[in-house]
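K.L.:
Take a look at this one; I'll ask things after.
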Amino acid sequence: MAEDYYGLLGVRRDASQDEIKRAYRRLARELHPDVNPDPETQEKFKEINQAYEVLQDPEKRQMYDLGGDPFAAAGAGPGGFGGFGGAGFPFSEFVDAVFGAAGAGATRGPRSRARRGRNATIRIELDLSECAFGATRELTVDTAVVCPTCSGEGTAPGTHPETCQVCAGRGEISQVRKSFLGQVVTTQACPNCGGYGTVLPRPCPECDGDGRVRTRRTMKVRIPAGVEDGTHIQLAGEGETGPGGGPPGDLFLEVVQRPHPIFERQGDDLHCTLTIPMVAAALGATVPVESLDGPNDVDIRPGSQSGQVIPLYGLGVKHLNGSGRGDLIIHVAVETPTRLDAEQEKLLRELAKLRGEEQPPGKFQPGQQGFFSRLRDAFNGR
């Protein structure tokens with residue numbers, strides 16, 4: 001045996017299989033007949049094919065290293081350029097060696113029928129008290145679940161997916177075309193099985209091979225205290241089951257807070273306006289006010305003015321990710337009477353006379369806007 005297969009490929013005798021494959025790929029691209037069609041190059045191409053056929057097979061390589069005939073044991077002659085499809089050196093092996101089984105940039109193997117399901121989002125309306133203190137809600141959800149007939153396999157009872165005969169279970173097929181650079185191998189999903197590597201001989205009659213069916217289910221959901229309008233609550237694994245019985249996605253609850261007739265929420269604080277009569281503002285009083293915790297008595301100091309703020313600490317919304325609560329902020333508005341009977345008007349005139357306010361002078365303070373300033377700011381969008 002005169003051929004030096006290691007020398008033909010330009011590798012050491014102790015070269016690894018990866019080194020041998022890389023060397024063959026390099027030489028095959030240089031010496032391929034589509035790139036160099038002269039007879040001498042074709043003969044050289046046959047020689048490196050024969051060398052690679054021996055050295056890439058552990059049994060043939062061992063026999064060659066011992067001085068024997070590696071083709072005698074296999075019962076076949078060496079495969080040359082004209083015999084890619086024969087037993088000596090199949091064309092698929094040439095494609096694998098030079099380009100890889102799936103071509104440049106592609107991935108091997110079929111894709112799984114089971115895929116993760118989609119996430120789902122539903123809106124849930126809550127009262128202010130439910131947002132503040134939390135709640136437990138019972139939700140009805142229309143979603144996809146694993147098919148009870150086929151358990152997600154997609155086949156009719158008593159049958160199972162079968163290996164695709166077109167791609168032999170690989171899920172992809174390769175196409176070889178010639179270009180000025182030589183042969184180019186492209187890979188695409190098998191059109192027969194859709195890239196799965198298997199076909200469904202008899203799809204499940206209930207899910208039509210999808211492995212899942214739609215149904216309506218009821219679930220209890222705990223709403224944490226402190227959520228607000230626009231908050232998203234993630235329920236892991238409560239979304240739709242994936243195709244082929246794949247794992248479910250997540251379910252997201254989008255909180256919609258209903259308007260409250262008294263309180264306006266700003267963060268975790270609550271704001272409301274308390275309107276009191278002019279006399280109560282002047283003399284002081286104790287006034288009952290509502291809160292999320294029930295009624296509370298608020299002391300109005302004598303001489304209170306409109307715009308005064310009275311905070312009730314710790315009566316707001318619970319903090320979502322911590323302890324404690326916000327505050328309830330009461331804004332005082334003093335109500336001036338618009339209709340007076342004769343006796344009331346007489347008493348007020350006497351009070352004005354006692355206070356020297358029969359012709360009171362107006363008071364202007366820096367920083368307070370007049371009518372025209374407010375009108376100007378309104379047109380300027382302030």
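Please treat every number below as a calculation from the coordinates, not as lab data. Keep in mind that what you see is a predicted model, and the values were worked out from it rather than measured. Please note: Cβ atoms are built from the backbone with ideal geometry, for glycine as well, and neighbour counts cover all protein chains shown.
K.L.:
Can you give me the long-range amide H partners of ILE223? Hydrogens built in the peptide plane at 1.01 Å from N, cutoff under 5 Å, separation of 5 or more residues or another chain.
P.N.:
ALA135, THR136, ARG137
K.L.:
Continuing with this model, one more query. Work out from phi, with θ = phi - 60° and the Karplus expression 6.51 cos²θ - 1.76 cosθ + 1.60, the ³J(HN,Hα) of each residue of region 190-202, listed in order in whole Hz, and give x for Gly and Pro.
P.N.:
5, x, 7, 10, x, x, 7, x, 9, 10, 9, x, 9
K.L.:
With the crude spin-label approximation of a point 7 Å out along Cα→Cβ, what separation in nm comes out for GLU59 versus ARG123?
P.N.:
That separation, rounded to one decimal, is 7.0 nm.
K.L.:
Roughly what would the spin-label model give for GLN308 and ALA282, points 7 Å off Cα along C-beta, in nm?
P.N.:
1.4 nm
K.L.:
Tell me the label-point distance for the pair ASP327, ALA225, using the 7 Å Cα-to-Cβ offset, in nm and rounded to one decimal.
P.N.:
Inter-label distance under the simple model: 2.0 nm.
K.L.:
So what J values fall out for region 117-122 if you push phi through Karplus, 6.51 cos²θ - 1.76 cosθ + 1.60 with θ = phi - 60°, rounded to Hz, Gly and Pro as x?
P.N.:
Per residue, the Karplus-derived 3J(HN,Hα) values read x, 7, 6, 10, 10, 10 Hz.
K.L.:
Check which residues have an amide H placed less than 5 Å from ALA333's amide H, if you skip close sequence neighbours.
P.N.:
Residues meeting the criterion, in which the H sits 1.01 Å from N, are LEU274, THR275, ILE276, GLY307.
K.L.:
Ok, one more. Treating cross-link reach as a plain straight distance, find the aspartates and glutamates whose alpha-carbon is under 16 Å from the alpha-carbon of LYS21, omitting any fewer than eight places away in the same chain.
P.N.:
Correct list for LYS21: GLU30, GLU47, GLU53, ASP57, GLU93, ASP96.
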